[in-house]
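Okay, so here's the structure we're looking at.
Just so it is clear, none of the values below were taken in a lab; they were calculated from the coordinates. Being a predicted model, the structure only gives us computed values, none of them experimental.
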Amino acid sequence: MRAARDTKKPEPIDSTRPQPGQETDQLQLVPRNKPRVFARVPTHVVGVAQERRLCPRAALHLPLRLKRVGDREEPVPVTLLTQNISSSGVYFLAPRWIEPGTPIELEVGLVERPLGRGSVRMTTAAHVVRVEPTDTPGWHGLAATFDDFAFDRDEPIPPRFHKR
């Protein structure tokens, strides 16, 4: 079997371009097809941005009911959605302004199952720590931190999950 030969003709040598091993006094610009990027960022030199939150947040849109604001129980609990939640607090949008420091009572649906079989809700006493305006007129972003919470389940915990 015969080896295939390169049918490409060799390019003539350009005397104005430096050849490998030749030094040049000028900086020559080479056009690049790809943008220059860092393959890896040396974080030991640059540093890492510090996260001020103690607990990581999850961007989950869970059903939330506002049951009590201050000393007043809501006649009809308002159903809202969480924007993000952590083990220490929650951020949600509400159609009313609640002053920071006001105690509230919330119920968050963690697992919703049909016919109430296996649903898990977190009932929590919390207080508002931050209120900010949103892009939607009449709505406000509220950040609340949990003071105390309990989990409500629709069905009993199977015996295999009980502590021994």
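Structural remarks
- Placed amide H near Asp154: partners under 5 Å, 5+ positions off or other chain: Gly118, Ser119
- Residues with amide H under 5 Å from that of Ile104, placed H, sequence gap 5 or more: Gly70, Ala126, His127, Val128
- For Ile98, nonlocal amide neighbours, meaning residues 5 or more places apart or on other chains whose placed amide H falls under 5 Å from its own, do not occur.
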